[in-house]
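K.L.:
Following this message is one structure expressed as C-alpha cells.
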C-alpha cells in the first residue's frame, strides 16, 4: 500500500504521487482525508497548510476553490527551478487532491486497486467526516463487503460511527502506543483489522502474535526498509503501508 502515494520521491497526497505508485505496481493506495469548509473531502494529512502548501491556514476553514489555488508539490523539491536535469512537472498533478478524484482514478484503473482511507481526528466537524465519507463510498458502490476500500482511524469512536452507518465497510483500528492496544483489544469488533506502527512491532516482539491469536489481520505502517519488511513477513502481516512501493516490491521479488 502506497503511503500518501509514492511519497518518498513525490509530494505526498498529490495525484502525481498516486499515479507514480500505480505505475510502480502498488497493490493499493493509502490516504488521509479532511473536510473543507464547504464540505469536500480532500487528501491532506496536516490540519494546517504550512508544511505542504507553504502558507498559513487550516484546511477546515478554507473552501475547495481556495485550496485549488495553492501549490501542494513544490515543497518536496524547492530547488527544482535551478536544476536543469529536473523532470518537467505536470501542474495538473500537483494541486490539492479531492478524495472523489482519487477514487475515480482507482475505479477507472485497469486492475483492482485497494484504497485505505484514514479519517483524521480531532476535527471541528466531528462525525460529519465519516458521514460524508460513507456517502461517497456508497456513490461508488463501495459500502459493501468485498469492496476495494477500508476505513482506518486512530479514533475508536470514529470507526464505531462508520460501523453503525455502513456495517459492510472493512475497518482498521490504527495503534501507535502499546498501552492503547491493551485497552482497544477488549472492545474492537471481531472482524476489524489492527494497524500498528512498525515501531510497536519492533519494540514489542509478541504483539503481532497476540493480535493474530485474537483473530485479527495486521496492516502495518510505515514500512520502508528491507529489515522492517522481513519483520512483517515473519509476523504474518497481511499488508504493509510504505512510502517506497517500488523498492518494497523489488525487495519482495528478490
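The values are calculated or read from the model by the stated rules, or taken from the named source; none is laboratory data. Just so it is clear, the structure is predicted and the values come from calculations on it, not from any experiment. Glycine also receives a Cβ, built like all others from the backbone with ideal geometry; neighbour counts cover every protein chain displayed.
K.L.:
For residue 209, indicate whether it is part of a helix (DSSP H, G or I), loosely packed, with under 15 Cβ neighbours inside 10 Å and touching a helix residue (DSSP H, G or I) at 6+ places or on another chain (Cβ under 8 Å).
P.N.:
Yes, satisfied.
K.L.:
Something else now. Can you find a residue that is buried (at least 22 other Cβ atoms within 10 Å of the Cβ) and either more than 21 Å from residue 129 (Cβ to Cβ) or at pLDDT 95 or above (or both) anywhere in the range 76-94?
P.N.:
No, because not a single residue in the range 76-94 is buried (at least 22 other Cβ atoms within 10 Å of the Cβ) and either more than 21 Å from residue 129 (Cβ to Cβ) or at pLDDT 95 or above (or both).
K.L.:
From the set of residues in the range 117-141 that are closer than 22 Å to residue 18 by Cα and free of Cβ contacts under 8 Å to residues at least 12 places away in the same chain, which is surrounded by the most Cβ atoms within 10 Å (Cβ to Cβ)?
P.N.:
Only one residue tops the list, namely 139.
K.L.:
Tally time: how many residues in the range 28-57 are more than 13 Å from the chain's Cα centre (by Cα), in a loop (DSSP other than H, G, I, E, B) and crowded, with 17+ Cβ neighbours inside 10 Å?
P.N.:
Of the residues in the range 28-57, 5 are more than 13 Å from the chain's Cα centre (by Cα), in a loop (DSSP other than H, G, I, E, B) and crowded, with 17+ Cβ neighbours inside 10 Å.
K.L.:
If you go through the range 174-185 one residue at a time, do you hit one that is within 19 Å of residue 114 (Cβ to Cβ), modelled with pLDDT of 95 or more and buried (at least 16 other Cβ atoms within 10 Å of the Cβ)?
P.N.:
Checking the range 174-185: at least one residue is within 19 Å of residue 114 (Cβ to Cβ), modelled with pLDDT of 95 or more and buried (at least 16 other Cβ atoms within 10 Å of the Cβ).
K.L.:
Please specify each residue of the range 185-204 satisfying the condition of being touching a helix residue (DSSP H, G or I) at 6+ places or on another chain (Cβ under 9 Å) and either assigned to a loop (DSSP other than H, G, I, E, B) or farther than 22 Å from residue 129 by Cα (or both).
P.N.:
Within the range 185-204, 185, 187, 188, 189, 192, 196, 198, 200, 201, 202, 203, 204 qualify.
K.L.:
Additional query: So is residue 104 part of a helix (DSSP H, G or I) and surrounded by fewer than 20 Cβ atoms within 10 Å (Cβ to Cβ) or not?
P.N.:
yes
K.L.:
Also, I was wondering about something else. Say whether the condition of being modelled with pLDDT of 95 or more, farther than 23 Å from residue 242 by Cα, in contact with a strand residue (DSSP E or B) (Cβ under 8 Å, 6 or more places away or on another chain) and surrounded by 16 or more Cβ atoms within 10 Å (Cβ to Cβ) is met by at least one residue in the range 147-154.
P.N.:
Scanning the range 147-154 turns up no residue that is modelled with pLDDT of 95 or more, farther than 23 Å from residue 242 by Cα, in contact with a strand residue (DSSP E or B) (Cβ under 8 Å, 6 or more places away or on another chain) and surrounded by 16 or more Cβ atoms within 10 Å (Cβ to Cβ).
K.L.:
(1) within 20 Å of the chain's Cα centre (by Cα); (2) surrounded by 15 or more Cβ atoms within 10 Å (Cβ to Cβ); (3) part of a loop (DSSP other than H, G, I, E, B): which one isn't true of residue 109, the others all being true?
P.N.:
(2)
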